Amino acid sequence: MCDDVAAWSSSAAVNAIRDRRISVSEYAQCLLRRCAEESLGAFVSCDERVVLDAAAQADTADRRGPLHGVLIAVKDNVDVAGHPTTAGTPALRAHNPGRDAEIWRRLRAAGALALGKTNMHELAVGITGNNPGFGPVRNPWAADRFAGGSSSGSATAVAAFLAPAGLGTDTGGSVRIPAALCAVFGYRPSAGRYPQRGLLLLSRTRDTAGFLTRTMRDIVLLDSVVAAPGPAPEPVRWAGLRLGVPRRPFWEGLDPSLAAVAERRLEELSSAGAVLVEAGLPAGAGASLARDAMTVALYEAAWEIPYYLAQTSPAPTLDEVLAQVASPGVRAALNDALGPARASAADYRAACENLSRLAGALSDHQRAQRLAALVYPTTPLPAQPFACEESVVIDGREHPTFPTFIRNTDWAGVLGLPALSLPAGLTADGLPVGLELCAPAGADAHLLQMGCAYEEIWPPPALEPATAHRPGLLPKVLGR
């Protein structure tokens, strides 16, 4: 029975609890049993007593919100009262802020319960989820490969049927990259749509919370609670919908097996009636964006992390956190942000001005071409072995891992645009591929409508719930 229950979406769980086919306590017990068996490294903390106490209270509650009884996996840089917030770094292992992040307050008010706090790339500074301090997060589709990051554990928990939904955060792809690598939906809203209070941020201008789910209906449900109450968006009609295809640089330098899946999906969008418009971007725009984006993120991290620590006292000092950072790559990035070679205020202002101009140029282009969204592969390659922490190989050529994986997703993060990673299928080796839609700023409702229409035609691949959470067993794909 628990495998069947674990396969429920958030919407299905709400309906089952409302119709008294299952109690919140029984639902929680099923998911907790699976979490106790999982060996993917999805969770940093999952306190059975705390979860069951909350479930028992939910069973006796008079008021029932739209998420009543839904258990959500929460990335461990989001504050949840009664749970520690470690941000995946050893110095914060016992850090308990005793407060709810504003986004979690809204979800809790709607009836959601925290299943536990999920593992992540340390301090959200990375895209693999290989965390030396708390252990690696394994990909349910191939346990020898990383799950993506930095919202690694939330994506793995959803893909492995440990939770129906995950809450993550996204700077340059930290929701969408693991969504793509784990075959789930990953949504990054427009800048400012979701509140930031109570998140351990890297970049105030770029960071946002976001959701990972197995269905678009759940993305819509969660978004309606946090940002936009009202009727659920209806799927759009593809006929006549104009989608920009930015061949340069988004469709260049792709893993051949991944490219074949993405191109096939593009052809099918055209067959469904979408109008595909070649949408080339200015020469050198990619390199300029990558440089300026890193300047902004590292400059802002130098004061965002100390600000969070000061707001959640008692907490370690910044020096104490830095002294215990477990990941060499994270330590090097933070040394760049905080050391003598860090960006100056003038460099920061210049980078912000450059990015503002680029955002304006992209907006003008989308408006002139009447584009509903840009469409491109979420990542240039599928999940890689843990040995590829520093570099990856695409079509015989070696590339640095971090900039390669964020190459396509970074645009939406830097420019504050809403973006949705959609499961596009599997490579010949059985690894998930993601296709991303990126809409103009503020067009979140239309983007979600496109996601719903996409899911109607191309349901995502999924693992068998009985095997997905236990890498010792050979994962099986539903319907195969």
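The values are calculated or read from the model by the stated rules, or taken from the named source; none is laboratory data. Not measured: the values here are computed from a predicted model. FYI the Cβ positions are ideal-geometry reconstructions off the backbone, even for glycines, and counts take in every protein chain you see.
Name the residue, out of D336, D255, D292, that is of a type in the set (D, E), closer than 21 Å to T401 by Cα, in contact with a Leu (Cβ under 8 Å, 6 or more places away or on another chain) and free of Cβ contacts under 8 Å to residues at least 60 places away in the same chain.
Details: D255 fails: free of Cβ contacts under 8 Å to residues at least 60 places away in the same chain; D292 fails: free of Cβ contacts under 8 Å to residues at least 60 places away in the same chain.
The conditions single out D336.
Looking only at region 92-102, decide whether some residue is assigned to a helix (DSSP H, G or I) and over 29 Å from F146 (Cα atoms). Let's see the steps before the verdict.
Kept after step one, since they are assigned to a helix (DSSP H, G or I), are these residues of region 92-102: 92, 102.
After this cut, where a residue has to be over 29 Å from F146 (Cα atoms) as well, the list is 102.
Yes.
Can you go through D364, D395 and tell me which one is acidic (D, E), surrounded by fewer than 21 Cβ atoms within 10 Å (Cβ to Cβ) and under 23 Å from L448 (Cα atoms)?
Values: D395 fails: under 23 Å from L448 (Cα atoms).
Only one candidate passes the filter, namely D364.
The residues on offer are G230, G284, and the sole one that is over 23 Å from the mean Cα position of the chain (by Cα), modelled with pLDDT under 95, under 27 Å from A359 (Cβ atoms) and among the small types (G, A, S) is G284. Residues considered: Y348, Y376, Y307. Of these, the only one that is in a strand (DSSP E or B) and not aliphatic (A, V, I, L, M) is Y376.
This table checks each residue for (1) at pLDDT 95 or above; (2) in contact with a Gly (Cβ under 7 Å, 6 or more places away or on another chain); (3) within 28 Å of A142 (Cα to Cα).
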position	(1), (2), (3)
Q324	yes, no, no
L338	no, no, no
A345	no, no, no
L362	no, no, no
T378	yes, yes, yes
A419	yes, no, yes
P423	yes, yes, yes
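For T89, the conditions (1) within 15 Å of K117 (Cβ to Cβ); (2) of a type in the set (S, T, N, Q); (3) without any contact (Cβ under 8 Å) to a residue 60 or more places away in the chain are fulfilled apart from (3).
Answer yes or no: is there a residue in region 266-279 that is modelled with pLDDT of 95 or more, surrounded by 22 or more Cβ atoms within 10 Å (Cβ to Cβ) and among the charged types (D, E, K, R). No, every residue in region 266-279 fails to be modelled with pLDDT of 95 or more, surrounded by 22 or more Cβ atoms within 10 Å (Cβ to Cβ) and among the charged types (D, E, K, R). R20 meets all of the listed conditions (1) in contact with a helix residue (DSSP H, G or I) (Cβ under 9 Å, 6 or more places away or on another chain); (2) over 22 Å from V225 (Cβ atoms) but one, namely (1). Has region 279-290 got any residue that is in contact with a strand residue (DSSP E or B) (Cβ under 7 Å, 6 or more places away or on another chain) and more than 19 Å from L201 (Cα to Cα)? Within region 279-290 (the criterion being in contact with a strand residue (DSSP E or B) (Cβ under 7 Å, 6 or more places away or on another chain) and more than 19 Å from L201 (Cα to Cα)), the answer is yes, since at least one residue qualifies.
Scan region 20-46 residue by residue and report those that are within 23 Å of the chain's Cα centre (by Cα) and surrounded by 14 or more Cβ atoms within 10 Å (Cβ to Cβ). Write out each step before concluding.
At the first step, the residues of region 20-46 found to be within 23 Å of the chain's Cα centre (by Cα) are 31-32, 34-35, 38-46.
Across region 20-46, the qualifying residues are L31, L32, R34, C35, E38, L40, G41, A42, F43, V44, S45, C46.
Looking across region 308-321, the residues that are hydroxyl-bearing (S, T, Y) and free of Cβ contacts under 8 Å to residues at least 40 places away in the same chain come down to S313, T317.
Each row is one residue, and each column tells you yes or no for (1) over 17 Å from A262 (Cβ atoms); (2) part of a helix (DSSP H, G or I); (3) among the charged types (D, E, K, R).
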{"residue": "P340", "(1), (2), (3)": "yes, no, no"}
{"residue": "S363", "(1), (2), (3)": "yes, yes, no"}
{"residue": "P380", "(1), (2), (3)": "no, no, no"}
{"residue": "H399", "(1), (2), (3)": "yes, no, no"}
{"residue": "L420", "(1), (2), (3)": "no, no, no"}
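Residues that are at pLDDT 95 or above, out of contact with any Gly (no Cβ under 7 Å at 6 or more places or on another chain) and among the hydroxyl-bearing types (S, T, Y) occur at least once in region 58-70.
Apart from one condition, F386 fits all of (1) modelled with pLDDT of 95 or more; (2) crowded, with 23+ Cβ neighbours inside 10 Å; (3) hydrophobic (A, V, I, L, M, F, W, C); (4) in contact with a Pro (Cβ under 9 Å, 6 or more places away or on another chain); the exception is (2).
Among A155, A147, A124, A179, which is at pLDDT 95 or above, buried (at least 24 other Cβ atoms within 10 Å of the Cβ), closer than 28 Å to Y27 by Cβ and more than 10 Å from the chain's Cα centre (by Cα)? Spell out the reasoning first.
Details: A155 fails: more than 10 Å from the chain's Cα centre (by Cα); A124 fails: closer than 28 Å to Y27 by Cβ; A179 fails: more than 10 Å from the chain's Cα centre (by Cα).
Of A155, A147, A124, A179, the one residue that is at pLDDT 95 or above, buried (at least 24 other Cβ atoms within 10 Å of the Cβ), closer than 28 Å to Y27 by Cβ and more than 10 Å from the chain's Cα centre (by Cα) is A147.
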